[in-house]
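K.L.:
Sharing a structure here in structure tokens format.
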Amino acid sequence: SAKKSGRNTYTFFTESMNRGVSRELALEEQLHGALKRNEFRLVFQPQIDVVSGTIVGAEALLRWHNHLLGDISPEEFIPIAEHTGLIIPIGEFVLTSALQAVTQWQAHYGSELRIAVNLSPRQFRDPNLIDFIKSALNRSGVSASTLELEITEGVLMSGHSFIDEALQDLSELGIRLAMDDFGTGYSSLSYLRRYSFDTLKIDRSFIKDISVSTANRELVTAIIAMGHALGLEIVAEGVECTKQQTFLCEHQCQYAQGYLFNRPMNADDVTEALSQQSTSAQAKSVQHSPEL
Ligand code: C2E
Ligand code: MG
Ligand code: MG
Ligand code: MG
């Protein structure tokens, strides 16, 4: 009967809502002890020069394996870390570990290699943010321009003056700023003009359809042209096939990340990839050098 199914629907919703709430509570509870239990680690996704195919840097991506709940996606736990404020100590762990990794890579494979780190809106409310970044850079010994901080439009939308000041301070230190997930937020163009960004990352959703959708091809072409007009470097996110790579090459988008090139991997695997790259570069230069 209608009444019965109505009750079933009601029961179904309360149960699934309870499940949702209790999962969130469980995650929050576990998140509190996660740093102490050493449950976080970073993986790194190489950023590629699409023309030469070489690695120019990597983006640090956080991973959480909880002893009770298993692997939890950052899409699920970062928002909880944000609203609890736990993102502050977690973000410090991310920065420190990411700088450690790039220090190793640079020692063997050149000081031009960069590391990109994601920053959450909540981290900008931390009065200690700038000092922490400064001293983490000093401890690591890499130059400020090694570090690129990725922020989304959500950070800028609040319009708080401390965000303006923090972004100003960061770029005066020589730290690079990247606008992440470009095209998914609001008023992007005015933000790009107002703040001193170095890099624009085209959101994966635009890259996804370039081989099938004319509209998306034109959008991506326009974003690249606009970014270049503003003097920005452009990174395409989520490149999964060679058609996309070819399109990006042809439209002067210089950098890309995506499964076509690499899945996110641990720091030692990046070192290994850099070592293979330098071996093959040496082989090429031997091939091309004049005969002895
Ligand atoms: P994001 O910064 O836009 O990172 C890119 C996401 O796309 C990563 O997901 C990456 O694994 C995924 N990805 C890369 N290439 C491809 C591809 O070719 N195809 C597809 N389908 N996906 C690809 P992930 O690692 O799950 O991270 C999700 C989001 O969580 C990140 O988006 C970022 O906003 C946030 N996040 C991750 N680590 C951190 C962190 O340390 N701090 C903060 N605040 N946020 C983080
Ligand atoms: Mg990012
Ligand atoms: Mg992104
Ligand atoms: Mg994203």
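The values are calculated or read from the model by the stated rules, or taken from the named source; none is laboratory data. Owing to the predicted nature of the structure, the values given are computational and were not obtained by experimental measurement. With ideal geometry, Cβ positions are generated from the backbone for all residues, glycine too; neighbour counts draw on all protein chains shown.
K.L.:
Pull out all pairs, ordered by first then second residue, where Cβ-Cβ is under 6 Å, the residues are six or more apart or on different chains, the first lies in region 60-74 and is more than 18 Å from residue 24 (Cβ to Cβ), and the second is near ligand 1 (Cβ under 6 Å from one of its atoms).
P.N.:
Pairs that qualify, where the first residue is more than 18 Å from residue 24 (Cβ to Cβ) and the partner is near ligand 1 (Cβ under 6 Å from one of its atoms), are 61/264; 62/74; 62/94.
K.L.:
Looking at region 144-155, which of its residues are within 16 Å of ligand 4 (Cβ to nearest atom) and hydrophobic (A, V, I, L, M, F, W, C)? Give the steps one after another, and end with the answer.
P.N.:
Of region 144-155, the ones within 16 Å of ligand 4 (Cβ to nearest atom) are 148-155.
149, 151, 155, listed by residue number.
K.L.:
Oh, and also: Can you say whether residue 197 is in a helix (DSSP H, G or I) and either within 16 Å of ligand 2 (Cβ to nearest atom) or among the aromatic types (Phe, Trp, Tyr) (or both), as far as the supplied structure shows?
P.N.:
Here the answer is no, as residue 197 does not meet what is asked.
K.L.:
Pairs only if they're at least six apart or on different chains, beta carbon under 8 angstrom, first in region 141-156 and on the phi > 0 side of the Ramachandran plot, second at pLDDT 90 or above and outside any strand (DSSP E or B); list them, first residue then second.
P.N.:
Close Cβ pairs (under 8 Å, with a partner that is at pLDDT 90 or above and outside any strand (DSSP E or B)) amount to 141/103.
K.L.:
Of everything in region 116-143, what is more than 16 Å from ligand 4 (Cβ to nearest atom) and closer than 21 Å to residue 270 by Cα? Give them in sequence order.
P.N.:
Passing the criteria: 137, 140, 141, 142, 143.
K.L.:
Out of the residues in region 168-211 that are surrounded by fewer than 21 Cβ atoms within 10 Å (Cβ to Cβ), among the aliphatic types (A, V, I, L, M) and at pLDDT 90 or above, state the one that is nearest to ligand 1 (Cβ to nearest atom).
P.N.:
177
K.L.:
May I pose another question? Counting only residues that are within 16 Å of ligand 3 (Cβ to nearest atom) and under 15 Å from residue 124 (Cβ atoms), how many does region 147-160 have? Don't jump to the end; show me each part of the working.
P.N.:
In the first step, residues of region 147-160 are kept if they are within 16 Å of ligand 3 (Cβ to nearest atom); the result is 148-156.
Among the residues that remain, those that are also under 15 Å from residue 124 (Cβ atoms) are: 149-156.
Going through region 147-160 one residue at a time, the tally reaches 8.
K.L.:
Go over the candidates 133, 163 one by one and state the one that is of a type in the set (A, V, I, L, M, F, W, C) and either within 16 Å of ligand 3 (Cβ to nearest atom) or within 18 Å of the chain's Cα centre (by Cα) (or both).
P.N.:
Working: 163 fails: either within 16 Å of ligand 3 (Cβ to nearest atom) or within 18 Å of the chain's Cα centre (by Cα) (or both).
Residue meeting the stated conditions: 133.
K.L.:
Among what's in region 147-167 and is part of a loop (DSSP other than H, G, I, E, B) and either out of contact with any Asp or Glu (no Cβ under 9 Å at 6 or more places or on another chain) or aliphatic (A, V, I, L, M) (or both), pick the residue that is surrounded by the most Cβ atoms within 10 Å (Cβ to Cβ).
P.N.:
Here is the first cut: in region 147-167, the residues part of a loop (DSSP other than H, G, I, E, B) are 152, 158-160.
Keeping just the survivors that are either out of contact with any Asp or Glu (no Cβ under 9 Å at 6 or more places or on another chain) or aliphatic (A, V, I, L, M) (or both) gives 158-160.
Numbers: 158: 12, 159: 7, 160: 14.
Out of the qualifying residues, it is 160.
K.L.:
Can you pull out the residues in region 195-213 that are within 16 Å of ligand 3 (Cβ to nearest atom) and of a type outside the set (Gly, Ala, Ser)?
P.N.:
Going residue by residue through region 195-213, those that are within 16 Å of ligand 3 (Cβ to nearest atom) are 197-208.
Within region 195-213, 197, 198, 199, 200, 201, 202, 203, 204, 206, 207, 208 meet the criteria.
K.L.:
Still on this structure, I have one more. Any idea which residue in region 121-137 is surrounded by the most Cβ atoms within 10 Å (Cβ to Cβ), counting only those that are out of contact with any strand residue (DSSP E or B) (no Cβ under 7 Å at 6 or more places or on another chain) and closer than 28 Å to residue 273 by Cβ?
P.N.:
133
K.L.:
Here's a follow-up. Among the listed residues 206, 197, 162, 182, which satisfies the condition of being under 24 Å from residue 248 (Cα atoms), aromatic (Phe, Trp, Tyr) and away from ligand 4 (no atom under 16 Å from the Cβ)? Reasoning before the result, please.
P.N.:
Numbers: 206 fails: away from ligand 4 (no atom under 16 Å from the Cβ); 162 fails: under 24 Å from residue 248 (Cα atoms); 182 fails: away from ligand 4 (no atom under 16 Å from the Cβ).
Criteria check complete, one pass: 197.
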